[in-house]
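Chemist: One structure, as structure tokens, below. Some questions next.
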Amino acid sequence: MNKTLEEAALLMADLARLPTPDLVALLPHIRDLRQRIRERDFALGTPSQAVLEHAEAMATAHLTEDELRDYNARRRVAETVRIDGLICLECGEKKEALVLHVTKGHHMTWDEYLSKWDLHDLGDRFEELEDYPKVSGSFIARQRTNAKTYAKDNPLKYTGAELARYREEQKKRSSSS
Ligand SMILES: [Zn+2]
């Protein structure tokens, strides 16, 4: 069997093991790939908007109200959470500290934002999701780097050197008694 067909067979096996919501999420991409194969268009990139919309309509047509709600919540997460920023659902801008942008820029509380876009308690609602992040991964990483730099500049306060000295003294005291 040729390599491509072999991979396709493995792909089928992988797909067969996925839960329905994941299959629903993948449908646009699978459809897009089939469309491209028919058209001999192999410059694979982002599925075209029309194909996406059509596939989404097909994919969601049979969903119950609850399933559709879950589908939309998952989709919002997939479309807005990036390592280098979170895309604001109010205005479409990408922000590292979304929570600040929402409260200051759109005058909503974080709670109101989550309610409006149905993003509350994602960790409880979905097995594979965590609660919706307030800031991006890049923001957290930079905070950590800043904290490390700060610690380097202020060694006594933040590296625990004082704590180490204290422990050393304690040890001496206990061994001499
Ligand atoms: Zn915004």
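Chemist: Does residue 50 meet the test of being part of a helix (DSSP H, G or I) and exposed (fewer than 14 other Cβ atoms within 10 Å of the Cβ)?
Modeler: Here the answer is yes, as residue 50 does meet what is asked.
Chemist: Got at least one residue in segment 98-121 being away from the ligand (no atom under 16 Å from the Cβ), open to solvent by less than 50 Å² (accessible area, probe 1.4 Å) and closer than 25 Å to residue 57 by Cα?
Modeler: Looking for residues that are away from the ligand (no atom under 16 Å from the Cβ), open to solvent by less than 50 Å² (accessible area, probe 1.4 Å) and closer than 25 Å to residue 57 by Cα, one finds at least one in segment 98-121, hence yes.
Chemist: Would you confirm whether any residue within segment 87-95 is open to solvent by less than 50 Å² (accessible area, probe 1.4 Å), under 18 Å from the mean Cα position of the chain (by Cα) and within 22 Å of residue 142 (Cα to Cα)?
Modeler: Yes, there is a match, as at least one residue in segment 87-95 is open to solvent by less than 50 Å² (accessible area, probe 1.4 Å), under 18 Å from the mean Cα position of the chain (by Cα) and within 22 Å of residue 142 (Cα to Cα).
Chemist: Please go through (1) modelled with pLDDT of 80 or more; (2) within 22 Å of the chain's Cα centre (by Cα); (3) acidic (Asp, Glu) for residue 32 and return the number of the only condition it doesn't satisfy.
Modeler: Result: residue 32 passes all but (2).
Chemist: When both residues are 6+ apart or on different chains and their Cβ atoms are under 8 Å apart, which pairs have a first residue that lies in segment 106-124 and is touching a residue at least 40 places away in the same chain (Cβ under 8 Å), and a second that is more than 12 Å from the ligand (Cβ to nearest atom) and open to solvent by 30 Å² or more (accessible area, probe 1.4 Å)?
Modeler: 117/76; 118/69; 118/72; 118/76; 119/76; 122/129; 122/130; 122/131
The values are calculated or read from the model by the stated rules, or taken from the named source; none is laboratory data. Computed from a prediction, not measured in an experiment: that's the story for all the values here. Positions of Cβ are generated from backbone atoms using ideal geometry, with glycine treated the same way; all protein chains shown enter the neighbour counts. All accessible areas refer to the heavy atoms of the entire protein, side chains included, with ligands and DNA or RNA removed. Shrake-Rupley method; radii C 1.70, N 1.55, O 1.52, S 1.80 Å.
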